[in-house]
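Just so you know, all these numbers are worked out from the coordinates, no wet-lab data involved. Note that the coordinates shown come from a computational prediction; the quantities given were computed from them, not determined experimentally. Note: ideal-geometry Cβ built from the backbone for every residue, glycine included; neighbour counts use all protein chains shown.
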Amino acid sequence: MLVLGLETSCDETGVALYDTERGLLAHALFSQVDVHVEYGGVVPELASRDHVRKTLPLVEEVLQAAGCEGSDVDGVAYTAGPGLAGALMVGATLARALAWGWGVPVLGVHHMEGHLLAPMLEAQAPQFPFVALLVSGGHTQLVRVDGIGQYRLLGESLDDAAGEAFDKVAKMLGLPYPGGPHIARLAERGDAQRFDFPRPMVNRPGLDFSFSGLKTYTLNTIAQCREGGADLSEQDRCDIARAFEDAVVATLVIKCRRALEQEALKTLVIAGGVSANTRLRSALETALAKVSARVFYPAPMFCTDNGAMIAYAGAQRLQAGQVDDAATRIRPRWPMEELPPLPGQGIQQRSTAVPGLSE
Ligand code: KG4
Ligand code: ZN
């Protein structure tokens, strides 16, 4: 089954073609970073307008790259939520129009399910059940995953998401949006010994997170460094970025280990924009190796928003017979636990030959 996936929930237009026999055939991405950079964050109306401009040309691009015609497509999947309402509507209406024109089924996909399943696109894919750490600009969640659509929330951020904290601290340090990669780059030159930032909520039982106190701690540290009105030196900025990144990473690692222990599982999946962070990846690898557990993550380009994850998640559900009715629905807020399970679970064994599923 050949599925076209459209992702337009925020500030990236992502389009991909996934085939359940042959794997990922083509994908294309347009990042709106330059559109929003002067505002220091995403401007919803500008995001919607840019998706209108970019989505159809990207659809043509991926069809051409895969050597396919629209008439070859067997189903269309789009991000129905969570996300910005206007941006979601662009993907939803285009997906429905294409599917209607081609006479094929269409399905709205949950953005975080897309992230969660993105590691399935890799040659080394995780097996269910596993614990997933979803860390993006809008979410920080630990989820027990027993199969597609079988999700149990174990813990989540009580305030800022991890990516949001990266973005806000980046702003404090005068770095552009989105801040995560910029903080990571500064942190490489930082002295890990100079500051010791708190690890929020690690001494309390449970699997929830809180990053707003860490943000305030960072702000106070910046104020101390600037006492007397001086500007932050380049070394100050690098050292603060390092201390902040270390604190977020250490907190996430502690909670992931705790979640695996609680659920008696040995497989962790990390996904979402922050999972591109190399210090987080290597810290998790080291920590989990000590308890004979393994961590799986998507390729860096599939950590942040992309069409491939939506095409993949949509393909699994469309192939199992799930389709939307004629109404165009978007869900700007959409708890992942409301998703229906996939009928006939246990068929998710991957073929080793191609990056796709064999059934
Ligand atoms: O998943 P994503 O692309 O969009 C949402 O669904 O939110 O995640 C974007 C978030 C941003 O907050 C960005 O700063 C963060 O992921 N991010 C990173 C890195 N790359 C992206 N955070 C830390 N380190 C990175 N290397
Ligand atoms: Zn995302």
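Summary table below
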item: Crossing angle, helix 85-102 versus the chain [Cα axis fit, 0-90 degrees, rounded to tens]; result: 20 degrees
item: Full-stretch length increase - ASP34, THR328 - with 0.36 nm per residue and alpha-carbon distance subtracted; result: 102.8 nm
item: Packing-based ranking, highest mean first, of 159-168, 196-205 given that Cβ atoms within 10 Å are counted; result: 159-168, 196-205
item: The chain: angle of helix 162-172 to the longest principal axis, Cα-based, in degrees nearest 10; result: 50 degrees
item: Efficiency of FRET from Cβ geometry, LEU219 and VAL291, R₀ 35 Å, rounded to 0.05; result: 0.50
item: Segment 22-89 pair-distance distribution - Cα-Cα, 5 Å bins, rounded %; result: 3, 14, 21, 22, 16, 13, 7, 3, 0
item: Antiparallel bridges, percent of DSSP beta bridges restricted to the chain (to nearest 5); result: 60 percent
item: Magnitude of the charge dipole, the chain, Cβ model with Lys/Arg +1 and Asp/Glu -1, debye to 20; result: 840 debye
item: Amide H contacts of LEU25 (H built 1.01 Å from N, under 5 Å, at least 5 apart or other chain); result: LEU17, TYR18, ASP19
item: Percentage relative contact order, segment 1-106, counting C-alpha pairs under 8 Å, at least six apart; result: 33 percent
item: Net charge, SER31 excluded, C-beta distance under 14 Å - Lys, Arg +1, Asp, Glu -1; result: -4
item: Approximate spin-label separation GLN345-GLN124, in nm, with each point projected 7 Å along Cα-to-Cβ; result: 2.6 nm
item: Lys pairs under 26 Å by Cα in the chain, provided they are eight or more residues apart or on distinct chains; result: 7
item: Whole-Å semi-axes of segment 220-269's equivalent ellipsoid (Cα gyration tensor); result: 37, 10, 5
item: Within a Gaussian network of the chain (alpha carbon springs, distance under 10 Å), most fluctuating of GLY81, GLY228, GLY174; result: GLY228
item: Computed helical MRE - 222 nm, the chain, DSSP H runs ≥ 4 contributing -39500 (n - 2.57), nearest 500; result: -12500 deg cm²/dmol
item: Nearest-ten-degree value, helix 307-319 long axis tilted from longest Cα axis of the chain; result: 50 degrees
item: Volume per residue of the C-alpha convex hull in the chain, rounded to whole Å³; result: 130 Å³
item: Potential lengthening between SER233 and MET301 on full extension [0.36 nm per residue; Cα-Cα distance subtracted]; result: 21.2 nm
item: Unit charges at the beta carbon, dipole of the chain: most positive-side option, LEU133, LEU207, THR218; result: LEU207
